[in-house]
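A.B. asks: Structure incoming, see below.
Read-outs throughout are calculated quantities, based only on the coordinates presented, and are distinct from any laboratory measurement. Values in this document were obtained by computation on a predicted structure and should not be read as measured data. Neighbour counts run over all protein chains shown; Cβ positions are idealised from the backbone, glycine included.
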């Protein structure tokens, strides 16, 4: 549905800090993104040499970025301007890591919008690796005007 270039049109993240490759499904309250984990990513040099494991915080970041695309898409559908808005994380809760993500893996990130309270958007995410849950979390984002 959305390529990397289309994602970059919607959110400010850029390599090496862009952690979603494509959007494969999007609806009003749900988005599914995918990412291929490459051995040459810089964090693997130190996490951990000889046994590279994707840091849990970066797995969470992939979910936050997918959520930002979902929120921008919701604004676009309402005809609202997206320029000048930056997605900002305001809360993480109940993050659970269930299996490792390593170079060569392809993760699937499913984010579901739960509710809006004031300017905060509450969401949940499930990150899967090969059909198995790698992580689950709930979090809140806000799109802040620059």
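A.B. asks: Could you estimate the translational diffusion coefficient of the stretch 1-76 from the Stokes-Einstein equation, with Rh from the Kirkwood formula over C-alpha pairs, at 10 °C and 1.306 mPa s, in whole µm²/s?
C.D. replies: 121 µm²/s
A.B. asks: Give me 61, 6 sorted ascending by neighbouring Cβ count inside 10 Å, so fewest comes first.
C.D. replies: 6, 61
A.B. asks: Next up: With equal scatterers on the alpha carbons only and no solvent term, can you work out the Debye log10 of I(q)/I(0) for the stretch 96-144 at 0.14, 0.19, 0.27, 0.32 1/Å?
C.D. replies: Result of the Debye calculation: -0.42, -0.64, -0.93, -1.13.
A.B. asks: At a 10 angstrom cut-off on C-beta neighbours, averaged per residue, how do the peptides 73-79, 46-52 rank from highest to lowest?
C.D. replies: Per-residue mean Cβ counts within 10 Å order the peptides as 73-79, 46-52.
A.B. asks: Oh, and also: When only C-alpha pairs under 8 Å and at least 6 residues apart count, what is the relative contact order of the chain, in percent?
C.D. replies: It rounds to 25 percent for the chain.
A.B. asks: Computed FRET efficiency, Cβ-Cβ of residue 132 and residue 4, R0 22 Å: what is it to the nearest 0.05?
C.D. replies: On the way: r = 25 Å, r/R0 = 1.15.
Using R0 = 22 Å, I get an efficiency of 0.30.
A.B. asks: Still on this model: Could you tell me how many degrees, from 0 to 90 and to the nearest 10, lie between the Cα long axis of helix 56-77 and the main elongation axis, the longest principal axis, of the Cα atoms of the chain?
C.D. replies: 20 degrees
A.B. asks: If you don't mind, another one. Give me the mean projected area, in nm² to one decimal, of the convex hull enclosing the Cα positions of the chain.
C.D. replies: Average projection, Cα convex hull of the chain: 8.5 nm².
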